[in-house]
1. What nm distance separates the two modelled labels at residue 548 and residue 307, each placed 7 Å from Cα along Cα→Cβ?
2. Can you classify the stretch 20-93 as rounded, prolate or oblate using the Cα gyration tensor, where a ≥ b ≥ c are the square roots of its eigenvalues, rounded means a/c under 1.5, and otherwise it's prolate if a/b beats b/c and oblate if not?
3. Can you tell me, using C-alpha contacts under 8 Å and at least 6 residues apart, the relative contact order of the stretch 215-353 as a whole percent?
4. Work out the FRET efficiency for residue 73 and residue 142 from their Cβ-Cβ distance, taking R0 = 45 Å, and round it to the nearest 0.05.
5. Between residue 186 and residue 266, how high is the FRET efficiency from 1/(1 + (r/R0)^6) when r is the Cβ-Cβ distance and R₀ = 60 Å? Nearest 0.05.
6. Averaged per residue, what accessible area in Å² does the stretch 215-353 show with a 1.4 Å probe, protein chains only?
7. Report the net charge of residues surrounding residue 535, where surrounding means a beta-carbon distance below 14 angstrom and charges are Lys +1, Arg +1, Asp -1, Glu -1.
8. Let me understand the stretch 438-547 better: what is its radius of gyration from the alpha carbons, and its Dmax, in angstrom?
Amino acid sequence: MAGGIFSPLGSCSELEKANCHPLVCLLCHEPYQHPCLLDCYHNFCASCLRGRACDGRLRCPLCGHPSVVRGGTGLPPVDRLLQFLVDSSADSEEDVQCANCDRCCTKAELDTMYFCNTCGQPLCAPCREETHRARMFTRHEIVSLSKRTKDIYKKCPLHEEPYIMFSTEKKSMLCINCFRDMQGESRAHCIDIETAYMQGCQRLDQAVMAVKELQTSTREAIVLLKAMIEEVRNSASEEEAAINSLFSRMQEQLSERKKTLLKAVQSQHEEKEKAFKEQLAHLASLLPTLQVHLVTCSAFLSSANKAEFLDLGYQLMERLQRIVKLPHRLRPAQTSKINSEYRAEFARCLEPLLMLSPRRSVVGSAGGIGPGITGTNMLPGGQCSKTLMVPSCPSTSDRMSTGPMVKKPTMHRYISTKVLLAEGRETPFAEHCRNYENTYRMLQTEIQGLKDQVQELHRDLTKHHSLIKSEIMSEILQKSLQMDVQIAAHYSAVEMMRSVFEEVWEETYQRVANEQEIYEAQLHDLLQLRQENSCLSTITKQIAPYVRSIAKVKERLEPR
């Protein structure tokens, strides 16, 4: 009976492999019984579709297209055309017997059998020549057996009169009474049966030609899609292999660069820690000396008389001044921040693999210490300074021949330019962008016009099979060459502005680098003030007991 619901792709492949009979249902694989036509023009038996409708909609078992069904049966209308072909096929399979000689013909002889529509009887070829050649049968309508006229098509079911006319307006046959009952305007659309038959055959031939063209185009599209599916499969495999290979190489490069950066961090850590410890040891040894002299000074003031003060006081003052003038390293010679520029280093090691433009620093690169770490990036004590990394400009030898170098899409570039011009700043680059947009829009309009012409010619050539004059193609080719010259000239003009803008950009980069350096120095000075304040608080807390003890001694010596 009815088979399962086919998936669209699976069903198409199965239909392509199997030579399906046009009168066999695709679900039950039996000859059609009351074939029904869906909105997608697929046919199925009524029994195969019964019970599949839901909420007034019936989804095609083959392609899944929904069809609207009306009535209580839940089935689409019966396909009268396919039913006619099924009935005709069933009639052709029946045993046919000549009405004159009672001779039965085989299926192979059906093409040689005739049928007399006037007598309503089949005739074999010999009887047609012998009996129906008489004068009394001259008005009989004799056709081949496959084109016999059935009773249902002989007479009008309403008036029981033979059909004599055909209405091109209503697409129906008319008897004499039907013709008389029609309005005068509708009679103008009536023609005789033979003329209607000839016109219908011509229109059917035109429709068949259109369907054949669609069939050819469909087969070509199927072949193209199959090739594209295979191409997609191969492309996916190649892309996966390329991704895996690139990922492996990136891992190797990143692993090597990671080791180098960790070594650089460890080296900076050791150098900074050593410098800070040396400075700390110096200050630790200086602090007791200062404390002793402060206590000595306080005790001397409280215990010495005028003569003793004048004798020893200047010596004490000179000693204190020499202590102050000694070179004491109170400020840290470097910051505690360890900076390896790991982001820039990782990006730099991936640039050859990802085909990114090389990056350069505004600061010079004399004296390399490691990959991406230069001597000019190091402060005293091993500290790395933050430098401004900017993309370098491609060489002029790698111009239009190297392919597209645009990193931002055209729409992104257009929006960025709009934002730049909307700021209202009159700079040389803003004026350049304004002129560029005008020229680019003009070139883009001309290119779009050429594209439209080529598309129209291609459509006329492939779809309409029109003849195209070679002069038109030569004219389009000439315009295309002229456009190429204009684009190359505009590209050269834009390229010549590079040196001018590079000077401006270099000044901007230097200004930004200086501002970054000043900003970092400001933070450093604030940290240093905070450290000095912390040291002052610590010293105050340490000498407080000595001050209190000296005060007590002074109280005892005050009576003297």
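1. It is 3.8 nm.
2. Cα axes put the stretch 20-93 in the prolate bin.
3. Result for the stretch 215-353 is 50 percent.
4. 0.60
5. 0.05
6. 75 Å²
7. +3
8. Considering the stretch 438-547 through its Cα atoms, Rg and Dmax are 35.0, 114 Å.
The values are calculated or read from the model by the stated rules, or taken from the named source; none is laboratory data. For clarity, every value in this text was computed on a predicted model and none was experimentally measured. Quick reminder, even Gly has a Cβ in these numbers, built from the backbone with ideal geometry, and neighbours come from all protein chains shown. Quick note on the areas: whole protein, heavy atoms, side chains included, nothing else; ligands and nucleic acids left out. Shrake-Rupley method; radii C 1.70, N 1.55, O 1.52, S 1.80 Å.
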